[in-house]
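Below: the structure, in structure tokens.
All of the numbers you see were taken from the coordinates with simple rules; none came from a lab. Here the structure is a predicted model, which is why all the values come from computation and not from measurement.
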Ligand code: PSV
Ligand code: MN
Ligand code: MN
């Protein structure tokens, strides 16, 4: 009984943000597949995100990517989101698509390019002001391809300078999260390649700067839950970009490739108080071959399942076994929770909230997919220039 109260409270606290770019057409560099009914503009992306929330009750915000989601009036877009029952979440900056950024954005050796990149980042804070967003997500594709190409240390100085300027522009209720990525598009040295680099910059910046962990941005075999535990302990975990990877930055559905890893991550979240606020749970995915809205619904459900299992871990029994050095006992407590089928529990949780027990089936039965396929002609690619 006690456990169900803990699980219910934890699940209620878990809010999963969906990314606007998940709703557009996407693919690989070999082919972008077009699907009927995909959004033609940011307004329609938000309408689709609202469907994910409607059927899961757990995805009340949608992240924007600027300029992919460029509109005339961001306050109008925020009003549209509210009218659809959702709100604008993190603002994702984009300093990786212009020709000017070939040798980097904020770390570019050319001061004019650095100024342009910084201008964009500050513009993103304007978008936050207009939409009520509280989180600025920074990801830099900056780096070098060849040894000697640029001065690694000077690039860190330039990065720090830009981060200082952005940090100074944030309001009291706003924060920035800095995302790291091992490689790609830079192949020799990425300027923010790992959590340690992101952490050091955030630590220097102050309390409004935290690290965001994109689960697809590590070397194979990396113990991501360790990173999560460490950052939470230091009060520096800003959030997640959740997705699955088999090889590199695959952006597949969260919990699809390795549900056990997602469980281990969510356990550290629960253990470290990460459901108590301050950590943004965001999806960063692209649905290349599967339909977009159900792809997001499935992902939200996968994260909820991992969280429910993490919440089910008998923490007292685990602590006892750990204290006693009972290796297999402790491992057994952990695995018992992972091995629990939490789907009936989640179905009941949804029904109590007035939702259908099976969001996938409820969405399929709603007729929304057929409606948008008929109404929307000429849907756009996920990452287009408005
Ligand atoms: C970069 O690979 C990344 O994970 C960043 O979060 C970007 O903003 C996002 O992908 C765009 O797809
Ligand atoms: Mn990401
Ligand atoms: Mn990525």
Extension length gain for residue 165 and residue 145 (0.36 nm per residue less Cα distance), in nm, is 4.5 nm
The ratio Rg/Rh over the Cα atoms of the range 151-199, Rh being the Kirkwood inverse mean 1/r radius, stands at 1.02
Note to self: Kirkwood Rh of the range 260-322, Cα pairs, one decimal, Å, is 13.2
In whole Å, largest first, the alpha carbons of the range 210-263 cover along the principal axes 29, 18, 17
Cα-Cα pairs in the chain separated by more than 40 Å, as a whole percent of all pairs, come to 14
Percent antiparallel among DSSP beta bridges confined to the range 2-312, nearest 5, equals 15
Length gained if residue 320 through residue 75 is fully extended, taking 0.36 nm per residue and subtracting the Cα-Cα distance, is 83.0 nm
At 10 °C in a medium of viscosity 1.306 mPa s, the range 1-151 has a Stokes-Einstein diffusion coefficient, with Rh taken as the Kirkwood radius over alpha carbon pairs, in µm² per second, of 91
Relative contact order as a percentage, the chain, C-alpha pairs under 8 Å and 6+ apart, gives 23
Residue-normalised 222 nm signal for the chain, counting each DSSP H run of n ≥ 4 as -39,500 (n - 2.57), nearest 500 deg cm²/dmol, is -14500 deg cm²/dmol
Yeah, the range 68-224 with a ≥ b ≥ c from its alpha-carbon gyration tensor (a/c under 1.5 is rounded, else prolate when a/b outruns b/c, oblate otherwise) is prolate
For the range 317-370 (alpha-carbon point model, no solvent) the Debye-based log₁₀ I(q)/I(0) at q = 0.21, 0.26, 0.27 Å⁻¹ works out to -0.77, -0.91, -0.94
